[in-house]
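**Q** Just dropping this structure here.
The values are calculated or read from the model by the stated rules, or taken from the named source; none is laboratory data. Here the structure is a predicted model, which means the values were calculated and not measured. FYI the Cβ positions are ideal-geometry reconstructions off the backbone, even for glycines, and counts take in every protein chain you see. Surface areas here come from the heavy atoms of the whole protein model, side chains and all, with no ligands, DNA or RNA. Shrake-Rupley method; radii C 1.70, N 1.55, O 1.52, S 1.80 Å.
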Number of protein chains: 2
Amino acid sequence: MDLKTLRSLVSLVENDFNVSRTAEQLFLVQPAVSQHIQRLEQELGTQLFVRQGKRLVGLTDTGETVVQYARKVLAETRNIIEVGREHVEQASGVLRIGTTHTQARYVLPPVIKAFNKAYPKVELQIHQGNPQQLEEMAMDDQVDFSMCTEVLGENPQLTTVPCYQWNRSLIALHDHPILAQKKISLKSLSQYPIITYVLGFTGRGHFSSTFSNAGLKPRVVLSAADTDVIKTYVREGMGVGIIASMAYTPKQDRDLELRDLSKLFPWEITVIAYPKGKYLRHYQQHFIELIQSCVAEPNRWSGLLPI
Amino acid sequence: MDLKTLRSLVSLVENDFNVSRTAEQLFLVQPAVSQHIQRLEQELGTQLFVRQGKRLVGLTDTGETVVQYARKVLAETRNIIEVGREHVEQASGVLRIGTTHTQARYVLPPVIKAFNKAYPKVELQIHQGNPQQLEEMAMDDQVDFSMCTEVLGENPQLTTVPCYQWNRSLIALHDHPILAQKKISLKSLSQYPIITYVLGFTGRGHFSSTFSNAGLKPRVVLSAADTDVIKTYVREGMGVGIIASMAYTPKQDRDLELRDLSKLFPWEITVIAYPKGKYLRHYQQHFIELIQSCVAEPNRWSGLLPI
DNA sequence: ACTCCTTACGGAGCACGTAACTATA
DNA sequence: TATAGTTACGTGCTCCGTAAGGAGT
């Protein structure tokens, strides 16, 4: 058995069993990949792939199992070369963070500032996506880790580290009638057109269920993936906005009134997730700690709570 | 990076950094292993070994980490090979069980009988040892799994599957004065010379602490690793025996009187342990189930309880 | 003097590439 | 006919072994 062989195997599965494409991706020629598979099947004495004529169309049961283990092997070898890089590059390299717009824009800035000061040689990359994409990115090593609120907690292949809690606030134009109310309730919210996040984003799950548990149906007239879009349409007078509290910036959002809604909705927990067993370099671990300590700092109100 | 390279690395550590011996064990020549290490260190760009002159004497910090991951890589490749064998050999192969004398002699016989009937082509090997040795055997893949009562539960590298519960009984010659008592207590036990298992064996830990918790000191005049030895000396009149209940065989032990002591001591749990993530072949999993079901059978009293 | 590891070099094996062939849409 | 994979074969690379050299005990 050989590492290259296993790489071909896994890559082949990821390329929908297309041998030519796999070869190209691995900087090999087609017959080489074919040989890899043949050798592997011969060595294990079993068919790994289901074939239609000459074409590979799927994995056999044993194939599934083997691929599973092969992935682990490759993950561990990645860890090994990562350990090497760690020592060679010391405090330089790349940090790839997967996250959502809201986090990137309203939570991470102080963290990234501090991080850049501590590790000026580390290049930072922010990869944006929706929670499903973020999960994939973390799994496929497209990013070093993903920072996200929903879903991630449930994947058993991922280690999750809780970072902070947050909740929602209402934003509305100063003259909006809802601001006349002393206490804003779910019921009163449901009487006005609402602008908030799209499904699958930033705690939208709990948002919807909170209303339906109360037997109410919110009138969401517009939903967007990012807070800035929401604000824009609130300013247009399309409705009231319900956003993550940390996304309100007093200076720039003076024209919008803020009302805390943390009494109405459950608190959301934002976590960092990366594949189980992945080797984290010092600065990667440090970044996670930086998030937690930045959140804990009392000087900036943001609606965030440390966990 | 190459699997052979990693194998050399790990093997080198296991051979106390002796390159020559490692080479021999891997059916290579010395320079080959040297090259492996050099290549690896060059590829990772870091020292893995601490050197005294030309001699390797230890691992660097990064070396430790790398070895850790290398072990995982090799474990996973073993899994892959195993998956292959599974299909090729179908229901044949070898099953290597690590266990103690008591288990091998008094618990396993019906299990092994049933197993052999189900998988006549599988060769069974029973490797005996004390709990520490059993743990090592399981970790180093010297056995497929170990069956044991103590220690094993605490090693985070091992998966443990509970099999059954058991407790202790007293054995004594018919005319022994202790048998005149209606109820045998810890206190009365501590008045007579006792023969039981050696430390580290078969629940001896809880045995000792039970007495000391009651402020008593048992007079253990002889301790042995195996029940047959204990019985022998009980027959010699050296004292009363305290043994695992399942080790009493009514037919052969007619000359010894039995008294259940499960009210006095905590129940012990015997588990099967194997390295986390290890691939278990069908018949290996089946063997574990067989133990559990044999224990659950009502027709043979043995002092065992299913879990 | 012995053990242990490294360096240097040569050869054998094998994995990859090229090219021709086959099968499937 | 174009696309995809296998078979056949040659070559270049790489890895291992032999042999000689240094370093420490």
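**Q** Would a scan of the stretch B:191-207 turn up a residue that is part of a strand (DSSP E or B), touching a strand residue (DSSP E or B) at 6+ places or on another chain (Cβ under 9 Å) and hydrophobic (A, V, I, L, M, F, W, C)?
**A** Within the stretch B:191-207, one or more residues are part of a strand (DSSP E or B), touching a strand residue (DSSP E or B) at 6+ places or on another chain (Cβ under 9 Å) and hydrophobic (A, V, I, L, M, F, W, C).
**Q** Moving on to the next point. For the stretch A:5-31, how many residues are surrounded by 15 or more Cβ atoms within 10 Å (Cβ to Cβ), part of a helix (DSSP H, G or I) and within 10 Å of DNA strand C (Cβ to nearest atom)?
**A** Final tally of qualifying residues: 4.
**Q** Give just the number: which of (1) touching a strand residue (DSSP E or B) at 6+ places or on another chain (Cβ under 6 Å); (2) among the acidic types (Asp, Glu); (3) surrounded by 17 or more Cβ atoms within 10 Å (Cβ to Cβ) does B:GLU123 not satisfy?
**A** B:GLU123 satisfies every listed condition except (3).
**Q** Show me the strands (runs of 3 or more DSSP E) found entirely inside the stretch B:213-307 where at least 2 residues are under 30 Å from A:LYS72 (Cβ atoms) and in the same structural domain as B:GLN142 (by TED's automatic domain parsing).
**A** Numbers: elements: B:219-224, B:240-244, B:256-260, B:268-275, B:304-306.
The qualifying strands (runs of 3 or more DSSP E) are B:268-275.
**Q** Is there any pair linking a residue in the stretch B:34-47 that is over 14 Å from B:ARG7 (Cα atoms) and in the same structural domain as B:SER11 (by TED's automatic domain parsing) to one that is open to solvent by less than 20 Å² (accessible area, probe 1.4 Å) and within 10 Å of DNA strand D (Cβ to nearest atom), with Cβ under 9 Å and at least six apart or on different chains, and which?
**A** B:GLU43/B:THR5
**Q** Hey, A:GLU41 hits all of (1) within 11 Å of DNA strand D (Cβ to nearest atom); (2) open to solvent by 40 Å² or more (accessible area, probe 1.4 Å); (3) of a type in the set (Asp, Glu) but one; which does it fall short on?
**A** (2)
**Q** Further question: For a quick check of your reading: which strands (runs of 3 or more DSSP E) sit entirely within the stretch B:76-176 and have at least 2 residues that are more than 30 Å from B:LEU258 (Cα to Cα)? Give the steps one after another, and end with the answer.
**A** On the way: elements: B:93-99, B:122-128, B:145-148, B:158-166, B:168-173.
Of the strands (runs of 3 or more DSSP E) lying wholly inside the stretch B:76-176, those with at least 2 residues that are more than 30 Å from B:LEU258 (Cα to Cα) span B:93-99, B:122-128, B:158-166.
**Q** Of the numbered conditions (1) more than 30 Å from B:VAL10 (Cβ to Cβ); (2) open to solvent by 20 Å² or more (accessible area, probe 1.4 Å), A:LEU108 satisfies every one except a single condition; which is it?
**A** Every condition holds for A:LEU108 apart from (2).
**Q** Also, quick follow-up: Is it true that B:LEU170 is in contact with a Lys or Arg (Cβ under 6 Å, 6 or more places away or on another chain) and open to solvent by less than 30 Å² (accessible area, probe 1.4 Å)?
**A** Working: in contact with a Lys or Arg (Cβ under 6 Å, 6 or more places away or on another chain): yes; open to solvent by less than 30 Å² (accessible area, probe 1.4 Å): yes.
When the stated conditions are applied, B:LEU170 passes them.
**Q** Given the criterion of a type in the set (Asp, Glu) and surrounded by 19 or more Cβ atoms within 10 Å (Cβ to Cβ), identify the matching residue among A:GLU64, A:GLU89, A:GLU76. Talk me through it step by step, then tell me what you get.
**A** Details: A:GLU64 fails: surrounded by 19 or more Cβ atoms within 10 Å (Cβ to Cβ); A:GLU89 fails: surrounded by 19 or more Cβ atoms within 10 Å (Cβ to Cβ).
That would be A:GLU76, the only listed residue that is of a type in the set (Asp, Glu) and surrounded by 19 or more Cβ atoms within 10 Å (Cβ to Cβ).
**Q** So, one more: Which of (1) out of contact with any Asp or Glu (no Cβ under 9 Å at 6 or more places or on another chain); (2) among the aliphatic types (A, V, I, L, M); (3) open to solvent by less than 30 Å² (accessible area, probe 1.4 Å); (4) within 16 Å of DNA strand D (Cβ to nearest atom) does B:VAL83 not meet, given it meets every other one?
**A** (4)
**Q** A further question on this structure: With respect to A:ALA114, is the statement that it is within 23 Å of the chain's Cα centre (by Cα) and surrounded by fewer than 19 Cβ atoms within 10 Å (Cβ to Cβ) true?
**A** Judged against the criteria, A:ALA114 is a match.
**Q** Taking the condition open to solvent by 40 Å² or more (accessible area, probe 1.4 Å) and either in contact with a Cys (Cβ under 8 Å, 6 or more places away or on another chain) or farther than 24 Å from A:GLY98 by Cβ (or both), does A:LEU261 pass?
**A** Working: open to solvent by 40 Å² or more (accessible area, probe 1.4 Å): no; either in contact with a Cys (Cβ under 8 Å, 6 or more places away or on another chain) or farther than 24 Å from A:GLY98 by Cβ (or both): yes.
Judged against the criteria, A:LEU261 is not a match.
**Q** Right, something else. Quick one: A:THR46 ticks every box in (1) more than 35 Å from the chain's Cα centre (by Cα); (2) within 16 Å of DNA strand C (Cβ to nearest atom); (3) open to solvent by less than 100 Å² (accessible area, probe 1.4 Å) bar one, so which box is it?
**A** So the condition that A:THR46 fails would be (2).
**Q** May I ask you to say which residue of B:THR65, B:THR99, B:THR22 is modelled with pLDDT of 90 or more and within 13 Å of chain A (Cβ to nearest Cβ)?
**A** On inspection, the qualifying residue turns out to be B:THR65.
**Q** Mind checking which pairs have a first residue in the stretch A:1-30 that is touching a residue at least 24 places away in the same chain (Cβ under 8 Å) and a second that is more than 12 Å from DNA strand C (Cβ to nearest atom) and assigned to a loop (DSSP other than H, G, I, E, B), Cβ under 9 Å, 6 or more apart or different chains?
**A** Taking only residues 6 or more apart or on different chains, the pairs are A:LEU3/B:MET1; A:LEU9/A:LEU48; A:LEU12/A:ASN18.
**Q** What about B:VAL57, is it aliphatic (A, V, I, L, M), surrounded by fewer than 20 Cβ atoms within 10 Å (Cβ to Cβ) and in contact (Cβ under 8 Å) with a residue 24 or more places away in the chain?
**A** Taking the combined requirement at face value, the residue satisfies it.
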